1. Which whole-Hz ³J(HN,Hα) couplings does the stretch C:71-81 yield from phi under the Karplus relation 6.51 cos²θ - 1.76 cosθ + 1.60, θ = phi - 60°, glycine and proline marked x?
2. Hey, any idea what % of chain F's accessible area is carbon plus sulfur with a 1.4 Å probe?
3. Using only atoms on other chains, find how many Cβ atoms lie within 10 Å of each Cβ of peptide C:36-45 and report the average.
4. Measuring with a 1.4 Å probe in the full set of protein chains, what accessible area per residue, in whole Å², belongs to the stretch C:14-131?
5. Over the stretch B:14-131, what relative contact order in percent results from Cα pairs under 8 Å that are six or more residues apart?
6. Taking a probe of 1.4 Å and counting only protein heavy atoms, give the total accessible area buried between chains E and C in Å², rounded to the nearest 100.
7. Quote the convex hull volume per residue of the stretch A:79-133, based on C-alpha atoms, as a whole number of Å³.
8. When each copy gets a label point 7 Å from Cα toward the beta-carbon at C:THR13, what are the spacings between them in nm, shortest first?
There are 6 protein chains.
Amino acid sequence: MQKSSREPVFLYTDEQVREKSPIARSFLEQREVQNKAVDEANNKLLKRIYNVDHNAYLEGGALAARTKELMGLVASAALRCDDCINYHIIQSYRLGASRAEQEESINIATVVGGTIVVPHLRRAYMLLGELYA
Amino acid sequence: MQKSSREPVFLYTDEQVREKSPIARSFLEQREVQNKAVDEANNKLLKRIYNVDHNAYLEGGALAARTKELMGLVASAALRCDDCINYHIIQSYRLGASRAEQEESINIATVVGGTIVVPHLRRAYMLLGELYA
Amino acid sequence: MQKSSREPVFLYTDEQVREKSPIARSFLEQREVQNKAVDEANNKLLKRIYNVDHNAYLEGGALAARTKELMGLVASAALRCDDCINYHIIQSYRLGASRAEQEESINIATVVGGTIVVPHLRRAYMLLGELYA
Amino acid sequence: MQKSSREPVFLYTDEQVREKSPIARSFLEQREVQNKAVDEANNKLLKRIYNVDHNAYLEGGALAARTKELMGLVASAALRCDDCINYHIIQSYRLGASRAEQEESINIATVVGGTIVVPHLRRAYMLLGELYA
Amino acid sequence: MQKSSREPVFLYTDEQVREKSPIARSFLEQREVQNKAVDEANNKLLKRIYNVDHNAYLEGGALAARTKELMGLVASAALRCDDCINYHIIQSYRLGASRAEQEESINIATVVGGTIVVPHLRRAYMLLGELYA
Amino acid sequence: MQKSSREPVFLYTDEQVREKSPIARSFLEQREVQNKAVDEANNKLLKRIYNVDHNAYLEGGALAARTKELMGLVASAALRCDDCINYHIIQSYRLGASRAEQEESINIATVVGGTIVVPHLRRAYMLLGELYA
């Protein structure tokens, strides 16, 4: 039987993240402005894509939301998307992932994806440094 | 019989685009400076690559130039290249593509390419917002 | 006003495609077996992804279904996915795309994506050769 | 304090996997032949790469070996590498991952990486079908 | 002053390669059939792309043709294109590259591109084994 | 017999590069700050990845360090990583590569990787312009 999906319980609010990390604040503010432009366009198919994306990281499945956010980080780092990396680091942090868990997730992406991941990893470590200070 | 290739007729000049959109202006100015550096190097093979690239988007084939610019947008978004996305959005706009056509093209790229396309899509919507204001 | 989405009208049935092209038949048969395995798993999130994918290529939007299938071909070729290329070539063919339109779409993907697209393009031409014989 | 790395304890041997799944057997046999050719070349740098790769998936870190194998699956699916997907599905299975955990990991990769992941996912489901029969 | 481009002098003919390596023979035969289908289509833009591609690997520039073929191998392995890898290994071999040079080129691609390159590398070593037997 | 690996002899120091090129200075300074954050984290696996990476570009193998740095440039441009491109251009310059050699290496990556490489190539030419002024 498939358990029902539900929103994860975050240890930290979005606002607490912004207060702790200037890198996170800058990223989240820019993302907010841009998402507002996307929302206003009201593109139906895109809204469904956003919705599926949201549902992929909920609690109630076989894997904890935290594990899935760390997996989102792995996929994002392997595909080298800075904004996606920032987002999943922040979500994993908010769900209680330790710094060591974040680093090991990035390690997997770097082993699989190679040294081209390294510049993204360097920027990720700057964000990790602020969040786990 | 293959119809002869020819330059497309643009509805808007490059200058009109720069006046309408600060994002487009900033992108086109930077591109101009960089292309000048490339031109001065006078690398023969590279000039041929530029030439083939130019010829791929001409009128006179089976598909209209506008459709091919939108396809250039699809390929650029699928491969996640911000500068390429900006360029093909501007060219499609100059050839009379509607905002809805641009959005649907980006949708195809996002469905095929996944949510790692989303950060690029967000930036694309900022440009679309200025061009179609 | 957004027009309502609806299924496109195909010029050729799936069966007619299989009869015309052994490459298409082989691909569609294998895909059918594999999709059956996916369907039986009944993974909710995956079904939603399949559903969004289906909706991206419907009629009733700003672009014709045929144009969007050709764009799916562009994205698939740029990202070098043989099965996706086969699928979108077949769908474009079924919707009445000419061989020249298919070739120009692949040209855009090859210019943008480079010569690593060429091995996929070669295989695509084998399929085009059968479909448009 | 960093815990010492150590080999994970597998629930199933490589031989049991081969007996249960013809797809796994075929993959592992081919991989064995090819790895033999690589081993004989005795390329020093490559041996170090293999070694780092091996160390990335050990027990004793912040994440369980099973979770890291599932993350290897996520990265492999996001980067669309069939052999890598097969390998990490098998390793995750041998470490006790449930089928639902495997599917959710693939879901994350498909959401992030898009429908170009789907052909790889279809083949992955054929392997999952045999392993979890 | 730019030296004039010219065809490289091969140490081995295409036929000698086919006689030495069954893997090379199989690849070259299939490529020949497929290229014939591409040639018959007589797509102008595609012929120009093929032409630029040919010109990129000629003698008479700053780098020897052999070095550029090895660089083609690096790019092909980094982008994980088996047919491209086969082609550049064969061309490098025909131009006198040693096995060690081929392996070091592949090493660079694997370090930069990560372990997802490894399945392609394994297949490349099977071809190297036959060519340098 | 495999020759022993050893550090390459650079024609220019890191400091001379920074004095000659503002782009290089800005890149190297940012990289230094970020690498410091990575070093402080003291992640064992990551240190091994850095170490393997360092060893891939040493003298004493079949290919000169300069050739391998140019190959690192090819892989970086094909995979479209600006920081990696900057780094390998600088290292190649420090090892005595001519501007023509750098351009031809980038040409190979652009032919193989397509016009999506062009925006990265434009930025690379800005750096080349400063280093070879």
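1. Each residue of the stretch C:71-81 in turn: 5, x, 5, 4, 4, 5, 6, 4, 8, 6, 10 Hz.
2. That share works out to 50 percent.
3. Per residue, the average neighbour count from other chains is 6.
4. Ligands and nucleic acids excluded, the figure is 33 Å² per residue.
5. 30 percent
6. 1500 Å²
7. 66 Å³
8. 5.3, 5.3, 5.8, 6.1, 8.0
The values are calculated or read from the model by the stated rules, or taken from the named source; none is laboratory data. These figures come from a predicted structure and were not determined experimentally. Cβ atoms come from the backbone with ideal geometry, glycine included; neighbour counts cover every protein chain shown. Calculation scope for accessible area: heavy atoms of the full protein, side chains included, ligands and nucleic acids excluded. Shrake-Rupley method; radii C 1.70, N 1.55, O 1.52, S 1.80 Å.
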